[in-house]
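Chemist: Next up is a structure, given as structure tokens.
The values are calculated or read from the model by the stated rules, or taken from the named source; none is laboratory data. None of these values were measured; they are calculated from a predicted model. Reconstructed Cβ throughout: ideal geometry from the backbone, glycine too, with neighbour counts over all protein chains shown.
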Amino acid sequence: MASSAPARVLIVAHRTAATPLLLNAVRARAHRSSCSFTLLVPRPYWDPDTDEAAATLELAIPLLEEAVRGHVEGIIGDSDPFIAVRDAVTNLGIDEIIISTLPARVSHWLRRDLPHRVEQFGLPVAVVTARQSERAISERGRRQ
């Protein structure tokens with residue numbers, strides 16, 4: 001089933017959308033073969049107006065575009081990341097999925113088994129998990 005059309009790769013991320021590990025993974029994918037990318041940011045349930053998701057797109061897309069040396073589309077999806085991915089796969093004709101998550105200790109997506117759940121779409125799924133900081137975070141110096 002060889003095709004000359006570029007593979008359509010969906011990047012699913014929120015807080016990790018501009019992390020070095022994701023940028024490196026996307027860069028590596030872009031070098032393997034011709035593809036196009038769409039960054040999907042599921043809308044946080046606590047932000048129904050999508051301001052946070054829009055800010056994530058605004059910050060991450062230029063970095064992703066630099067990594068792939070090309071255009072990256074950006075979309076805001078449903079607050080349920082599984083539904084957001086399902087809608088994107090259905091509406092955009094996605095060929096591959098890259099899911100970027102927080103470390104397992106704090107990732108709601110990993111606790112909800114998102115990577116395995118989206119495998120039901122029959123597409124290749126790669127997971128990029130951000131590294132956990134080795135530094136202790138004091139309550140006084142902690143940033144929100």
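Chemist: Of the residues ILE83, ILE99, which single one is among the β-branched types (Val, Ile, Thr), within 19 Å of LEU123 (Cα to Cα) and part of a helix (DSSP H, G or I)?
Modeler: Just one listed residue meets the conditions, ILE83.
Chemist: Residues to consider are ALA54, ALA88; find the one that is surrounded by 18 or more Cβ atoms within 10 Å (Cβ to Cβ) and either among the polar types (S, T, N, Q) or assigned to a helix (DSSP H, G or I) (or both).
Modeler: Working: ALA54 fails: surrounded by 18 or more Cβ atoms within 10 Å (Cβ to Cβ).
Of ALA54, ALA88, the one residue that is surrounded by 18 or more Cβ atoms within 10 Å (Cβ to Cβ) and either among the polar types (S, T, N, Q) or assigned to a helix (DSSP H, G or I) (or both) is ALA88.
Chemist: In the list LEU63, LEU23, LEU40, LEU59, which residue meets the criterion of being within 14 Å of the chain's Cα centre (by Cα), modelled with pLDDT of 95 or more, exposed (fewer than 15 other Cβ atoms within 10 Å of the Cβ) and not hydroxyl-bearing (Ser, Thr, Tyr)? Outline the logic, then answer.
Modeler: Working: LEU63 fails: exposed (fewer than 15 other Cβ atoms within 10 Å of the Cβ); LEU23 fails: exposed (fewer than 15 other Cβ atoms within 10 Å of the Cβ); LEU40 fails: exposed (fewer than 15 other Cβ atoms within 10 Å of the Cβ).
None of the other options fit; the residue is LEU59.
Chemist: What about GLY70, is it buried (at least 17 other Cβ atoms within 10 Å of the Cβ), touching a helix residue (DSSP H, G or I) at 6+ places or on another chain (Cβ under 8 Å), outside any helix (DSSP H, G or I) and not β-branched (Val, Ile, Thr)? Please lay out each step first, then the result.
Modeler: Values: buried (at least 17 other Cβ atoms within 10 Å of the Cβ): no; touching a helix residue (DSSP H, G or I) at 6+ places or on another chain (Cβ under 8 Å): yes; outside any helix (DSSP H, G or I): yes; not β-branched (Val, Ile, Thr): yes.
No.
Chemist: Sticking with this structure for a sec: Of the residues in region 1-40, how many are farther than 15 Å from GLY70 by Cα, of a type outside the set (Val, Ile, Thr) and assigned to a loop (DSSP other than H, G, I, E, B)?
Modeler: 10
Chemist: Would you confirm, using the coordinates I've provided, whether ILE76 is assigned to a loop (DSSP other than H, G, I, E, B), more than 23 Å from ARG131 (Cα to Cα) and either hydrophobic (A, V, I, L, M, F, W, C) or over 14 Å from the mean Cα position of the chain (by Cα) (or both)?
Modeler: Details: assigned to a loop (DSSP other than H, G, I, E, B): no; more than 23 Å from ARG131 (Cα to Cα): yes; either hydrophobic (A, V, I, L, M, F, W, C) or over 14 Å from the mean Cα position of the chain (by Cα) (or both): yes.
Spelling it out, it is not the case that ILE76 is assigned to a loop (DSSP other than H, G, I, E, B), more than 23 Å from ARG131 (Cα to Cα) and either hydrophobic (A, V, I, L, M, F, W, C) or over 14 Å from the mean Cα position of the chain (by Cα) (or both).
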